[in-house]
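Engineer: Sharing a structure with you now.
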Amino acid sequence: MRAANDPITWSPQRIAVAGVSGSGKTTLCHQLAELLGYPRVEIDSLYHGPGWTQRETFLSEVEEFIAGPRWVIELQYRQARPLIAARADTLLWLDYPVPAHMARLVRRTVKRRVRRQPLWNGNQEPPLRTIFTDRDHILRWGWRTRNKLKPVIPTLETRFPGLTVVHLKHPSHTTRWMRALSHTLENERPASIPSRLPRE
């Protein structure tokens, strides 16, 4: 398993991002897709049907997406996790301290609810008061599952030999790794091809 400071000695082509609820997986996936120009799908949009029910086509649509040569997607949902890990060559694990993770989750949840933000297939975050009555409210779920990936992710490189895992333990580590990826791409790009990367 690699860390944020380790050199990027391979060319990431099929990238998955792992982390518990609210850790910033979707945001990082968007950033990677924009930087690299790779296809991107938000896995929650494939999973959630009306009323927060699982869509029957979930796994088949995941398989169709990851059949491509390059992509970015979240490593999420127990049924889909081994399918994605078997095809990915790079896994970025957002393993942030609990205070940082929960602060992000609270901010996101409150913003979505206050704005009545439409999510997938017309779903919305429930009223904030339901945190006291709903055991599976996203904030309670996030707290309860805050450590669920710690015994899982370290086993993936052994189970899937073509996979490189990068362990990012703080948001600053993620920023550092993305900056290193940007510099790597700049160094590999022929001078005749204009860069699409943002200047620092």
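The values are calculated or read from the model by the stated rules, or taken from the named source; none is laboratory data. Note that this is a predicted model, so its numbers are computed, not measured. Reconstructed Cβ throughout: ideal geometry from the backbone, glycine too, with neighbour counts over all protein chains shown.
Engineer: Which condition number does T53 fail, the rest of (1) over 16 Å from H173 (Cβ atoms); (2) in contact with a helix residue (DSSP H, G or I) (Cβ under 8 Å, 6 or more places away or on another chain) being met?
Structural biologist: (2)
Engineer: Consider A103 carefully, then state whether it is outside any loop (DSSP other than H, G, I, E, B), at pLDDT below 95 and not basic (K, R).
Structural biologist: yes
Engineer: If we keep just the residues of the range 122-136 that are surrounded by 15 or more Cβ atoms within 10 Å (Cβ to Cβ) and closer than 21 Å to E42 by Cβ, which is farthest from the chain's Cα centre (by Cα)?
Structural biologist: The selected residue is P126.
Engineer: Being crowded, with 18+ Cβ neighbours inside 10 Å and either farther than 23 Å from H30 by Cα or of a type in the set (V, I, T) (or both) is the filter here, so list the residues in the range 165-184 that pass it.
Structural biologist: Scanning the range 165-184 gives V165, V166, T174.
Engineer: Moving on. Would you please name the residue that is nearest to W10 (Cα to Cα), looking only at residues in the range 101-112 that are of a type outside the set (V, I, T) and surrounded by fewer than 16 Cβ atoms within 10 Å (Cβ to Cβ)?
Structural biologist: A103
Engineer: OK, next. Of (1) of a type outside the set (A, V, I, L, M); (2) assigned to a helix (DSSP H, G or I); (3) within 20 Å of D6 (Cα to Cα), P161 satisfies all except one. Which?
Structural biologist: For P161, the exception is condition (2).
Engineer: Moving on to the next point. Output the number of the condition that E64 fails; it satisfies all remaining conditions of (1) more than 15 Å from S23 (Cβ to Cβ); (2) surrounded by 16 or more Cβ atoms within 10 Å (Cβ to Cβ).
Structural biologist: Among (1) more than 15 Å from S23 (Cβ to Cβ); (2) surrounded by 16 or more Cβ atoms within 10 Å (Cβ to Cβ), E64 violates only (2).
Engineer: Hey, another quick one. Run L156 past the list (1) surrounded by 17 or more Cβ atoms within 10 Å (Cβ to Cβ); (2) modelled with pLDDT of 90 or more; (3) in a loop (DSSP other than H, G, I, E, B) and report the number of the one that doesn't hold.
Structural biologist: (3) is the only condition that L156 fails.
Engineer: Right, another one. If a residue has to be farther than 20 Å from Q13 by Cβ and either among the acidic types (D, E) or in contact (Cβ under 8 Å) with a residue 40 or more places away in the chain (or both) to count, how many in the range 154-166 make the cut?
Structural biologist: The number of residues fulfilling the criteria is 1.
Engineer: Hey, could you check the range 176-200 for residues that are of a type in the set (S, T, Y) and farther than 12 Å from T9 by Cα and say which is modelled with the lowest pLDDT?
Structural biologist: Step by step, filter the range 176-200, then rank; the result is S192.
Engineer: Moving on to the next point. Can you tell me which condition R113 does not meet? The list is (1) outside any helix (DSSP H, G or I); (2) without any contact (Cβ under 8 Å) to a residue 60 or more places away in the chain, and all the others hold.
Structural biologist: (1)
Engineer: Going residue by residue through the range 80-89, is there one that turns out to be among the β-branched types (V, I, T) and in contact with a strand residue (DSSP E or B) (Cβ under 7 Å, 6 or more places away or on another chain)?
Structural biologist: yes
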